[in-house]
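Accompanying notes for the structure given below.
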Amino acid sequence: MSQLVLEAKNLSRTYKLAKGASGSGRALRHALIDMNMKINSGDRVGIVGESGSGKTTLVRLLLGLDTPTSGSVEFKGQALIAGKMPWLRKEVQIVFQDPRSSLDPRMKISEIIREPLVCLNIQEDHNARIDEVLDSVGLDRAMRDRYPHELSGGQRQRVAIARALAPRPTVLIADEPVSALDVLVRDQILELIAALTNSLGITLILVSHDLSVIARLCDRVIVMKDGVVVESGNTRQVFDAPAHEFTRALITAIPRLPESR
Amino acid sequence: MRKAMKGNVSLIAGSIMVSITFALLILSFIWTPYDPLAVNPEDSFAGVSMRHILGADKIGRDILSQIIVGSRVTLFVAALAVTIAMTLGVSAGILIAVASRRYQSPMIYAVNIALAFPAALLAIILAAVYGASTITAVTAIGLATAAAVAQVTRRTAHGILASDYVLAAHASGASTWRIIRKHVMPNLRASLLIQASAAVSVSVLAESSLSYLGLGTPPPAPSWGRMLAGSQQYLFVNPLLAIWPGIAIVIVVLGFNLVGDGVREVFDPTLRRSDS
Amino acid sequence: MSLLEVRDLTISFGSKKVVDCITFTLEKGARIGLIGESGSGKSMTSLAIMGLLPDTATISGSITFEGQELIGLSDREHSRLRGNRIGMVFQEPLTALNPLMRIGKQIAGPLMIHKGSSLKEGLKKALELCTKVGLPDPDRILRAYPHQLSGGQRQRIGLAIALACEPALLIADEPTTALDVTVQREVLNLINALVDKEGSSLIFVTHDLPVVSAMTENVAVMQLGKIVENASVASLFHEPAHEYSRRLISAARLAEDSFSGKGGQL
């Protein structure tokens, strides 16, 4: 019995571009066009797209950090109004792509993780929760007093995950969580995300351009191009038998290893 | 951090110069060779001697004493002007940076217009209305410098606000005020320190210029700028009268400039070292 | 005589060694991949060959190119080789191009510097080069500024600039990492075709194993400044000798298996 957690209804977002050299009135950029998407509790959904596909815009709208031009995003049936729903922060959290820039370089690790707890007025012992969450992402509690530049890329991403999970969200959005990490570290982080979202019953939305990352973690995949959903469905089915030519192009473009066995 | 300060020539040299200046300031309250205002007609134009270490001016006032006490005006005006400039400038800069798109453009234009006003012009206007005084000088310099501080602060704050960690703070539920307090201000620290040291040297120079023009602290309080003005007509007769206050001004301005440079050096390599 | 001989190359920043006594050779027309993670020293190696290391770096050992020793060469002499005998393509096409200069002028640049062409002659050659790198509507492109083009187009222009003077050696440092996957494939194919046609040698620097295996015959695996294994692509994948190479290969295989459904889902 799966309940609907997040839903996008005819979601569109258009931007007015700054007046260019032509100077004649403002051009429009259709970042997202009439998108529909249903995400149920416990789902693991992957969003695939290249630059300009609209996936970044979608993420901001799902987080309630932006207002749609038309259509709506609903969280458990309630329509999101940007800036007017502080409680949403507690429910929907995000892990960003680049751990170097998503952590304030002037703050200690413990302060970084404490931030959502303070801002969202979480009623539990903050210090205990910080320790708890550091444990769950596999970091030593001694890291509390370190600064981001003292940590490796993989460790920083673990901090970012800890920060996202601290307020016990219902939904976790991971935006290219391993793209900026070294190849050998990637799978550890993916395993961590999978294990945590499983054990904590968190719904996962994973955005990536890397199909193997999506295949590793997600049951469902949504393929986007130029602001529109071109294909969606069960991950295995879509990747094995892509219906849309763009999906096919993405799949063929992946460089392959030579056969070894 | 300390290692970065070790070979830092700018910081060391600058600090020495700044210390000399403050030493003069403290000395001015404890002891001066003569009362700087004491007129000794028999010592008129006395050269460098045991009696007057740096010589005496036309009416026999000891130059060294004037320089020592003159530091009071200079540093007082600079300190006050910089305080005004930093408080107003940083607040304005941050407010504009966080303002919504619609209001930002006109505000930035306003700052640019304010920037076009030189301190001297402001000082003349204020002096014309209220009569020249230390207060008018402070106000004029403070406001003029505030515009420059506002502009630099706005740009730096804008960069910070565009960063991923500020976005993460938003996603964590932080209010705009909290983001300013906890993310923007701390990351502005380096920029502000540098701006403050630059502002001090600008203020000192500005005060000297205003005093020279007669728009600053009125007589009889000794002021380096006025000493320069007064010594102008005797330049070929007794150049030392102009050189001593000139050197004093140079030491203070250069000192604070070097400290600012040194501070920038300290912060830059640390930032670069954050990635292997 | 090999085209490029690197022997006991060591690069340090103060006490920190970023490249630790590496040795490898590249014959004329041959291709080698330098593969490693961040901090492996692969980019530093290519910068050293180009003579583009920062002043704070200390470099020792030997780099011989076309019989000439590159270490200790004055910047002036080294710049005669850059863009002329050795071309380089960088990772980020937007920052590698001058934002304030039209494309045509940027492609003509190396020709004007090294071959003494006039701007007019340079622009004419630039037109040919645009076609060579597969850019449609070259007239418009030559008059455009970098920000008006897409990432893939900019990278093609980067290639055009690097190949303008028909260099003997092309160094490509993560040329496709910043590009979309569909564009990546096209650009890789293009590099392949061009290097083939010109008969130039290629050093391909990347962290991406499947990419390097498609582009080069030999691979040097770098870890923390050292070359831990130097082998042909075939033997590297059949029998990786070093532990680190094995880990890189199995990570890549894991990714591929996940995608094709052979691997388990987490």
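Since every read-out is calculated from the coordinates, none of them should be taken as a lab result. This one's a predicted model, so the numbers in the text were calculated from it and none came from an experiment. Note that each Cβ is placed from the backbone with ideal geometry, even for glycine, and that neighbours are counted across all protein chains shown.
Observations, loosely collected:
- Inter-label distance, nm, simple model (7 Å from Cα along the C-beta direction), C:SER15/A:VAL118: 3.7
- Choice from B:SER203, B:SER28, B:SER211 showing the highest fluctuation, given a GNM over chain B with Cα pairs closer than 10 Å: B:SER28
- A full extension of the chain between A:SER199 and A:TYR15 corresponds to an added length of 62.3 nm, given 0.36 nm per residue minus the alpha carbon distance.
- Calculated FRET value between C:SER62 and C:ASP196, using beta carbons and R₀ = 30 Å, to 0.05: 0.55
- Shielding score for C:257-263, defined as the mean number of other chain Cβ atoms within 10 Å: 6
- DSSP H segments from chain B that extend 20 Å or more along their own axis, Cα-based, with Kyte-Doolittle mean of 1.6 or above: B:9-30, B:63-98
- Residue order, fewest to most surrounding Cβ atoms within 10 angstrom, among B:THR74, A:THR14: A:THR14, B:THR74
- Shielding value for A:114-127 is 3, the average number of Cβ atoms from other chains within 10 Å of each residue's Cβ.
- Cross-link reach list, aspartates and glutamates versus A:LYS76, counting only Cα pairs under 16 Å and skipping chain neighbours closer than eight places: A:GLU7, A:ASP43, A:GLU91
- 5 angstrom amide H check on C:ALA30, placed H, neighbours 5+ away: C:LEU202
- Spacing of the modelled spin labels on C:GLU128 and A:SER152, each 7 Å from Cα toward Cβ, amounts to 5.1 nm.
- Distance in nm between pseudo-label sites at C:ASP139 and B:ILE59 (7 Å out along the Cβ direction from Cα): 8.3
- With R₀ set to 45 Å, the beta-carbon distance separating C:ALA234 from A:GLU132 gives a calculated FRET efficiency near 0.35.
- Rg to Rh quotient for chain A, alpha carbon positions, Kirkwood Rh: 0.98
- Pairs of Lys residues in region C:4-260 that lie 8 or more places apart, or on two chains, and have C-alpha atoms under 16 angstrom apart add up to 14.
- Counted by neighbouring Cβ atoms within 10 Å, the residues A:GLU115, B:GLU207, C:GLU37 run from fewest to most as C:GLU37, A:GLU115, B:GLU207.
- Each of A:ARG141, C:ARG31, B:ARG101 was scored by other Cβ atoms within 10 Å of its Cβ. Arranged with the fewest first, they read B:ARG101, A:ARG141, C:ARG31.
- When each full DSSP H helix of chain C is screened for a Cα extent of at least 27 Å along its own axis and an average Kyte-Doolittle hydropathy of at least 1.0, none passes.
- Measuring r between the beta carbons of A:GLU191 and C:SER38 and using R0 = 25 Å, the FRET efficiency lands at 0.75.
- Charged side chains reduced to their Cβ positions (Lys and Arg at +1, Asp and Glu at -1) give region C:4-260 a dipole of some 860 debye around its Cα centre.
- Relative to the Cα centre, the charge distribution of the protein assembly as shown, modelled as +1 at Lys and Arg Cβ and -1 at Asp and Glu Cβ, gives a dipole magnitude of about 1580 debye.
- CD proxy at 222 nm, helix term only [per DSSP H run n ≥ 4: -39500 (n - 2.57); per residue of chain A; nearest 500]: -9500 deg cm²/dmol
- Beta bridges assigned by DSSP with both partners in chain A are antiparallel in approximately 55 percent of cases.
- Which of A:ILE122, B:TRP177, B:ALA140, positive extreme of dipole for the protein assembly as shown (C-beta unit charges): B:ALA140
- Global geometry of region C:4-260, whether rounded, prolate or oblate, following the gyration tensor of its Cα atoms and the 1.5 cut on a/c: oblate
- Each Lys and Arg contributes +1 and each Asp and Glu -1, all at the Cβ; summed about the Cα centre of region B:9-272, the dipole is approximately 1020 debye.
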